[in-house]
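Remarks on the structure that follows.
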Amino acid sequence: MPQLSLNKATLHKESDKLRRYRQYLPSLELKRQKLVAERVKGHQQLEQTRLEIERCRQWIAQTLPMLANRDIELQEMVGVSEVQTAQENLVGLNLPVLKRVVLTHRHYSPYLKPHWVDPLVAQLGAMLELQCRYRIDLQRLQLLELAVKKVTQKVNLFDKVLIPKTQTNIRKIRIFLSDAERADVVRAKITKQLREEALG
């Protein structure tokens with residue numbers, strides 16, 4: 001770490017740094033607050049999606065106990081062919097947003113399948129959409145967690161390290177300059193007194 005120069009130029013530099021840090025800190029804190037609020041919403045959204053998936057599972061289990069019949073071919077009745085997402089910019093952080101889930105349905109004859117296959121296919125489609133939304137919600141939340149961690153580290157760096165260190169440096173320089181100024185005044189007085197004694 002370089003030695004602190006105790007002079008007016010360094011005092012000016014340190015004062016400028018302190019002013020910049022103090023200007024930057026509030027915007028950084030505001031960014032942190034927005035990210036934390038969005039993270040809370042992200043947790044709520046993820047939990048909401050998880051509950052909807054669970055409700056969907058329970059509905060299938062309670063309404064369609066005939067699924068236990070292995071004689072009826074139900075494999076790959078519904079699939080996901082495409083998941084369309086977009087990006088949302090939140091205070092400089094790009095977050096994924098689910099736009100649309102495109103499902104594929106395997107063609108089947110309603111005459112060869114039991115009547116309960118239609119509601120099952122609809123429910124499976126809803127479940128697949130919810131699972132896609134859950135994955136996007138989870139990805140979004142992970143990005144928010146990481147961003148909150150980084151911006152909190154920056155806030156702490158400014159608030160607990162850089163600003164106090166710069167304030168200490170300014171204090172040291174001012175004390176040194178004040179002592180040097182006092183010493184100059186004392187030297188000037190002594191020199192003047194010695195001159196007067198030498199002349200008189």
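The values are calculated or read from the model by the stated rules, or taken from the named source; none is laboratory data. Here the structure is a predicted model, which means the values were calculated and not measured. Cβ placement follows ideal geometry from the backbone for every residue including glycine, while neighbour counts extend to all protein chains displayed. To get the accessible areas, we keep the full protein, side chains included, count just its heavy atoms, and leave off ligands, DNA and RNA. Shrake-Rupley method; radii C 1.70, N 1.55, O 1.52, S 1.80 Å.
Remarks
- Applying the criterion of being of a type in the set (A, V, I, L, M) and open to solvent by 50 Å² or more (accessible area, probe 1.4 Å) to the residues of the range 68-90, the residue that is modelled with the lowest pLDDT is A68.
- Candidates in the range 31-57 are the residues that are modelled with pLDDT under 95 and open to solvent by 90 Å² or more (accessible area, probe 1.4 Å); of these, the one that is farthest from the chain's Cα centre (by Cα) is R57.
- Under the condition of being farther than 14 Å from L162 by Cβ, outside any helix (DSSP H, G or I) and among the aliphatic types (A, V, I, L, M), the residues counted in the range 1-33 number 2.
- Beta carbons closer than 9 Å, at least 6 apart along the sequence or on distinct chains, pair a first residue in the range 1-24 that is in contact (Cβ under 8 Å) with a residue 40 or more places away in the chain with a second that is loosely packed, with under 13 Cβ neighbours inside 10 Å and β-branched (V, I, T) for L6/I175.
- Assessment of the range 122-143 against the conditions (modelled with pLDDT under 90, among the aromatic types (F, W, Y) and open to solvent by 60 Å² or more (accessible area, probe 1.4 Å)) yields no matching residue.
- Screening the candidates L120, L103, L162, L177 for the property of being farther than 30 Å from R19 by Cα and in a helix (DSSP H, G or I) yields one hit, L120.
- Taking the range 157-200 as the range and being under 15 Å from N7 (Cβ atoms), surrounded by 14 or more Cβ atoms within 10 Å (Cβ to Cβ) and of a type in the set (A, V, I, L, M, F, W, C) as the test, the residues that pass are I170, I173, F176, L177.
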